[in-house]
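Nothing in this text is a laboratory measurement; each read-out follows from the coordinates by a stated rule. Please read all numbers here as calculations on a predicted model, not as lab measurements. All Cβ positions, glycine included, derive from the backbone under ideal geometry; neighbour counts span all protein chains shown.
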């Protein structure tokens, strides 16, 4: 029997804190600890630690993630290498990257998206045709969301190396569209490099 995979709601307080700088959770943890110590009798002071523990754990995890994130210079260098790939090689490399994450991948034959991912009975559409543009607005995300609804897919992913406007980000958050931005692409580069090599060798 396949284990159930729990998914945090993207607008829950914990999901929001996971996207915020580590010191936000650290500050909440410190405030809760101080308040609990002040309000609880001395013999129950140990409970102040448990009150603040969830936020302490989040702060530590987010800090660890931020320390592991590539620097701006490294992101820029990896993006430059990606931009040099032919469109076919980039698309094939992106497919390989998602396969490494356990997805079954196939080309999406309709407008609005380029790839269809399947894993655990869930279908995700990926839009990446205009990933090189300097600024991504809401329109390509609308197209992707229309394709998701028409195909009855569970989720969608949009790949963009350039700036993503706040309006587009808000639309993505409201419509179950996960954004892979420049830093996200840089994190995929080791697998993309491998996929790109395979794609170019096959040409």
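What to note about this one:
- Set the Cα radius of gyration of the range 13-68 against 2.2 N^0.38 Å, with N its number of residues, and you get 1.21.
- Relative contact order for the range 13-68: 47 percent, from Cα pairs under 8 Å spaced at least 6 residues apart, divided by residue count.
- Neighbour counts of C-beta atoms inside 10 Å place 163, 143 in the sequence 163, 143, starting with the fewest.
- Legend: ranking of residues 14, 90 from fewest to most surrounding C-beta atoms inside 10 Å; resulting order 14, 90.
- Efficiency of FRET from Cβ geometry, residue 178 and residue 46, R₀ 25 Å, rounded to 0.05: 0.05
- Model label sites at residue 15 and residue 61, defined 7 Å from Cα along the beta-carbon direction, differ in position by 1.4 nm.
- As a proxy for reagent exposure, 145, 101, 181 were ordered by neighbouring Cβ count within 10 angstrom, fewest first; the result is 101, 181, 145.
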